[in-house]
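Q: Structure provided below as C-alpha cells; questions to follow.
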Amino acid sequence: MLDVRSDEPEYSFLWDKETKAVNQHGNLIDLVNEDSELHCQSLNINNDPGIGDNPNRYKQHGFFLNADNCIGCHACEAACSEKNDNPAHIAFRSVGFVEGGTYPDYQRLNISMACNHCDDPVCLKGCPTRAYTKYAEYGAVLQDPDICFGCGYCTWVCPYNAPQLDPVKGEVTKCNMCVDRLEVGLKPACVSACLGNALDFGVIDNIPENRIEAKTAIPGFPTTDITQPNIRFQQTRSTQREMTRTDAMPLKYHKDDSVGIFTPKVDKKHGEKKHWNWRKLLTSHESAHVIFTLSTQAVLGAFLMVVSAGLVNIDALAALNTAAVKLPLLGLMFVMLTYGLFKLNMHLGKPHRFYRGFNNLRLSPLSREIAGITGFYTFLMAYIFFSIFDNALFNFLANASGVLGAISGLIGLYYMYKIYRIKARPFWDHWQTGSAFFGNTISYGALLTGLISLPLLSAEQSLLALAGPLMALIALGLGIELIGHIAHSRAMGSLENEGAASWYLQTTRYGKAWITRNVLLGLSFTTALLMLATSPSGVMAIISWSLLALLMISAGAISRSLFFVLVIPTTMPGAFFWKNQAFEEHARESGLVDMEQVGVVRELHGKFKLDELLETIRTTSPSTLFKHIKDIVVWKKIG
C-alpha cells in the first residue's frame, strides 16, 4: 500500500460520506452487491495483497471540474506525469481551452481532462487484446500496456483522447484513476496538485463542498451519450454565445438555447481556398490501412468469382476454371493479400504480438475482423494448394476451402466496415463507408480478375464471354461507390459537427485532390459503361482495360487516403502549443521537434537519429544489438 505522508494536506483526502443510488445517466452507483464475490478482493497494487478501507470502494467515482476556477496552470498535468513517470510526449491529463469575445470582453475557458472512466467504456469494447478492464473498485477503467500490441483502435473510439499511444514503446497507456491513492483514502495526484481548487474527485454526482452544481456538459466537451462519462462540471460564470478553439480544428461551439448546451459548428478559420496537399494525403501515418483495405477488398472480390466459377456452372465464368488462368490469378491474389497483411501488421506498435488480436472476439469488431481476414487468408492458401491437383478428392477439398474462405472473407469485410462506424468520428459513421468497401470489393475484384485472366485467354469467344460480366461488375461496384459518395456529401454538408468540419477540410485543404478523385471516379464509371456497351476487342481492348485500371487505381488511392486523413474526432480542445496539429506541423518545419521539452511531436522523442543509431550499433555489444535494431525500425517507420 501507498504510505500516507504525515503532512498530507486535508484537501488531499477523499470526503464522501453519503452517496446517491443512481447517477445522471440512470446507472447504479453501487457497482456490486454486498454479497458479491468481488467484495474484499485485492487490487494487488505493487503485488500488495492488502485491501483499502475506503467505505465507498465499490461505488463509481469520477472527477469534478469547476471551470470557473481553472487558471490553466497545468499543475495537474505535471503532477500526473510525474507520478506515472511519463515522457514529455505522453500526458494522461491535459489542459485545453476555448475562448470567446473580443477585448475588453474576452473570455477563456480552461478544461482539464483525462480518462473519464465511463459507465460504457468504448475503449474496452473496441480493444482486440482485452487490455482494458472496468473494475468494481471505484469504477476505474484500467489498461494493461503489457497486453496491448499498439494497434491504437482505442484512441480512435474514445471521444476524449484519453488513451495515449506511445510509438516509442509501441503501446497504449492511460490514466489509472490513481487507484493506489484511493485505496488509502487520498484523491488522485492531479486533484491534490490543483492550485485553483478547480479539480476535485469523489463518488460520482456528489457535489463537493462549496460547489453548487454538477453539469454533464461544458463548451468543448463531446456529447455524453457515446460513453456516459463519469465527470461533472460547474460553470456559473456566463460565457459568450460562441466559443472557439485555439487549436487547428475548424470547430467552434455555439449555445443552443433549445437544449441549453453548446453544440459544435464548423469554423472556417482556414478560408475557402482549395489546395492539393498530395504529400500529406498520400504519405499519412495511416497509409498501411489504405494498402490493406484496398488489397483485401480486391482479393476478396476476385476470390468470390473464382470460387463461384468452380461451384456453379456459369458459362461466362467457365474460363476461370482453366489452370492457365486460375493458378496465376490465385498466385497474384496470395501475393497481394500477403503484402496487405504485412503492411498492417508492421503498423502495430508490437508486430510480434499480432496473435493477441483474437483475444476479444466477444466484444471487439476489430477482433472479429482480424479473425475473419485471417480465416480468409488461411482458406485462400488451402484453396490454392488443393487446386494444383486434379482429382475428385482434391477438387472437393478445394471447393470446401473456397466456400469457407468466401464465408470468412465476407465476415471479415463486414467487420472491416463495422470498425469504422465510430460515433466519436462522425465523418466515418455513415453508411457510405459500407458502400465504398462493398463497392470496391465488387469493382476491384472484377478489375483484378480481368487484368490477369483476359491476357491469358487464347479463345476469342471465351475472352468476350468473360469480359462482359466483369465489366458489368466493375460498373456495378463503381455505381454503388458513387451513390455512397453523393449521399455522404449531402449528409456531411448538412451537419454542424465534426463530420461537417471534416467535409470542410476535404473541400479546402484537400479540395483539389478531392475534385481530382471525383473526376477520376466519374471517368472510371463512364469508361466502364462504354466498354460494356461496345465490347472492345484486340488492341482496343488492351488500351481500354489499361486506361480503366489506371483511372480506378488512382481514384481508389486518393479516395481511401482522404477517408483516413480527413476524419476529425469528437475530442477535447487542445491548447496553442499542446495537442495542436498545426503547431506540430510548424515544429517539424522549424526544428522544434529536436527539443524534447517542447513535447509536441511525440513520435520523435526518446529516439536516436539514424546516423547515431548506426554508430551505436557499430560500437555496441551483441547482447544489446536487438534493442537498437528495434529503434531503427521504429525510426524508419515514422521518420
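Q: Mind checking whether some residue in region 219-236 is farther than 21 Å from Ala114 by Cα and at pLDDT below 90?
A: There is at least one residue in region 219-236 that is farther than 21 Å from Ala114 by Cα and at pLDDT below 90.
Q: Being within 34 Å of the chain's Cα centre (by Cα) and surrounded by fewer than 21 Cβ atoms within 10 Å (Cβ to Cβ) is the filter here, so list the residues in region 177-188 that pass it.
A: Hits for region 177-188 are Val179, Asp180.
Q: Is there a residue being not in a helix (DSSP H, G or I) and not assigned by TED's automatic domain parsing to the domain that holds Cys151 anywhere in region 390-401? Before you say what the answer is, go through the steps one by one.
A: First, the residues of region 390-401 that are not in a helix (DSSP H, G or I): 390-391.
After this cut, where a residue has to be not assigned by TED's automatic domain parsing to the domain that holds Cys151 as well, the list is 390-391.
Yes, because at least one residue in region 390-401 is not in a helix (DSSP H, G or I) and not assigned by TED's automatic domain parsing to the domain that holds Cys151.
Q: Here's something else I'd like to know. So which residues in region 120-132 are part of a loop (DSSP other than H, G, I, E, B) and either buried (at least 22 other Cβ atoms within 10 Å of the Cβ) or of a type in the set (A, V, I, L, M) (or both), if there are any at all? Even if it seems obvious, please write down each step before you answer.
A: Within region 120-132, the subset part of a loop (DSSP other than H, G, I, E, B) is 120-121, 127-131.
Listed by number, the residues that qualify are Pro121, Cys127, Pro128, Thr129, Ala131.
Q: Then there's this: Sort through Tyr377, Tyr383, Tyr444, Tyr417 and tell me the only one that's under 19 Å from Leu548 (Cα atoms), part of a helix (DSSP H, G or I), out of contact with any Pro (no Cβ under 7 Å at 6 or more places or on another chain) and among the aromatic types (Phe, Trp, Tyr).
A: On the way: Tyr377 fails: under 19 Å from Leu548 (Cα atoms); Tyr383 fails: under 19 Å from Leu548 (Cα atoms); Tyr417 fails: under 19 Å from Leu548 (Cα atoms).
Only one candidate passes the filter, namely Tyr444.
Q: Another question about this same structure. For Met572, work out the one condition from (1) surrounded by fewer than 21 Cβ atoms within 10 Å (Cβ to Cβ); (2) at pLDDT below 95 it doesn't fulfil.
A: (1)
Q: Across region 47-59, what is the number of residues that are farther than 14 Å from Val184 by Cα and either loosely packed, with under 13 Cβ neighbours inside 10 Å or of a type in the set (Val, Ile, Thr) (or both)?
A: 1
Q: Sticking with this structure for a sec: Any idea which of (1) aliphatic (A, V, I, L, M); (2) in a helix (DSSP H, G or I); (3) touching a residue at least 40 places away in the same chain (Cβ under 8 Å) is the one Val335 doesn't satisfy?
A: Looking at each condition in turn, Val335 falls short on (3).
Q: Being surrounded by fewer than 20 Cβ atoms within 10 Å (Cβ to Cβ) and in contact with a Phe, Trp or Tyr (Cβ under 7 Å, 6 or more places away or on another chain) is the filter here; which residues of region 313-347 pass it?
A: Leu341, Lys343, Asn345
Q: Being touching a helix residue (DSSP H, G or I) at 6+ places or on another chain (Cβ under 6 Å) and assigned to a loop (DSSP other than H, G, I, E, B) is the filter; apply it to region 425-435 and report the residue that is surrounded by the most Cβ atoms within 10 Å (Cβ to Cβ).
A: Across region 425-435, the extreme among qualifying residues is Phe427.
Q: While we're looking at this one, here's another question. Give all pairs with beta carbons closer than 8 Å in which a residue from region 71-97 that is at positive phi and not assigned by TED's automatic domain parsing to the domain that holds Ala193 meets a residue that is part of a helix (DSSP H, G or I) and modelled with pLDDT of 90 or more; count only pairs at least 6 apart in sequence or on separate chains.
A: none
Q: On to the next question. For Thr239, which of the numbered conditions (1) of a type outside the set (Asp, Glu); (2) buried (at least 22 other Cβ atoms within 10 Å of the Cβ); (3) touching a Pro at 6+ places or on another chain (Cβ under 7 Å) fails to hold?
A: (2)
Q: Answer yes or no: is there a residue in region 47-59 that is touching a residue at least 24 places away in the same chain (Cβ under 8 Å), in the same structural domain as Ala214 (by TED's automatic domain parsing) and of a type in the set (Gly, Ala, Ser).
A: Checking region 47-59: at least one residue is touching a residue at least 24 places away in the same chain (Cβ under 8 Å), in the same structural domain as Ala214 (by TED's automatic domain parsing) and of a type in the set (Gly, Ala, Ser).
Q: For region 283-301, how many residues meet the condition of being within 28 Å of Ile452 (Cβ to Cβ) and either among the β-branched types (Val, Ile, Thr) or loosely packed, with under 15 Cβ neighbours inside 10 Å (or both)?
A: As a first pass, look at region 283-301 and keep what is within 28 Å of Ile452 (Cβ to Cβ): 287-301.
Subset that is either among the β-branched types (Val, Ile, Thr) or loosely packed, with under 15 Cβ neighbours inside 10 Å (or both): 290-291, 293, 296, 299.
Residues meeting the conditions: 5.
Q: Check region 197-209 and report whether any residue there is touching a residue at least 24 places away in the same chain (Cβ under 8 Å) and over 25 Å from Gly26 (Cα atoms). Lay out the reasoning, then the answer.
A: Pass one, region 197-209, residues touching a residue at least 24 places away in the same chain (Cβ under 8 Å): 197-209.
Still in the running and over 25 Å from Gly26 (Cα atoms): 197-198.
Among the residues of region 197-209, at least one is touching a residue at least 24 places away in the same chain (Cβ under 8 Å) and over 25 Å from Gly26 (Cα atoms), which makes the answer yes.
Q: Further question: Condition first: part of a loop (DSSP other than H, G, I, E, B) and polar (S, T, N, Q). Can you find one or more residues in region 288-305 that meet it?
A: Scanning region 288-305, I find no residue that is part of a loop (DSSP other than H, G, I, E, B) and polar (S, T, N, Q), so the answer is no.
Q: Any idea which residue in region 530-565 is nearest to Tyr153 (Cα to Cα), counting only those that are surrounded by fewer than 16 Cβ atoms within 10 Å (Cβ to Cβ) and either under 29 Å from the mean Cα position of the chain (by Cα) or among the aliphatic types (A, V, I, L, M) (or both)?
A: Of everything passing the filter in region 530-565, Leu550 is nearest to Tyr153 (Cα to Cα).
Q: Still on this structure: Gly185 - would you say it is closer than 22 Å to Ile71 by Cα and of a type outside the set (Val, Ile, Thr)?
A: no
Q: I'd like to know if region 200-214 contains one or more residues that are under 25 Å from Asn69 (Cβ atoms), surrounded by fewer than 17 Cβ atoms within 10 Å (Cβ to Cβ), acidic (Asp, Glu) and more than 29 Å from the chain's Cα centre (by Cα).
A: yes
Q: Taking region 242-279 on its own, how many of its residues are of a type in the set (Lys, Arg), part of a loop (DSSP other than H, G, I, E, B) and without any contact (Cβ under 8 Å) to a residue 40 or more places away in the chain?
A: Here the count works out to 1.
Rundown of residues vs (1) surrounded by fewer than 17 Cβ atoms within 10 Å (Cβ to Cβ); (2) out of contact with any Lys or Arg (no Cβ under 6 Å at 6 or more places or on another chain), yes/no style:
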{"position": "Pro219", "(1), (2)": "no, yes"}
{"position": "Asp225", "(1), (2)": "yes, yes"}
{"position": "Gln228", "(1), (2)": "no, yes"}
{"position": "Phe233", "(1), (2)": "no, no"}
{"position": "Asp256", "(1), (2)": "yes, yes"}
{"position": "Val259", "(1), (2)": "yes, yes"}
{"position": "Val266", "(1), (2)": "no, yes"}
{"position": "Lys269", "(1), (2)": "yes, yes"}
{"position": "Lys273", "(1), (2)": "yes, yes"}
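The values are calculated or read from the model by the stated rules, or taken from the named source; none is laboratory data. Just so we're clear, the structure is a prediction, and the values are computed from it rather than from any experiment. All Cβ positions, even for glycine, are placed from backbone atoms using ideal geometry, and neighbour counts span all protein chains on display.
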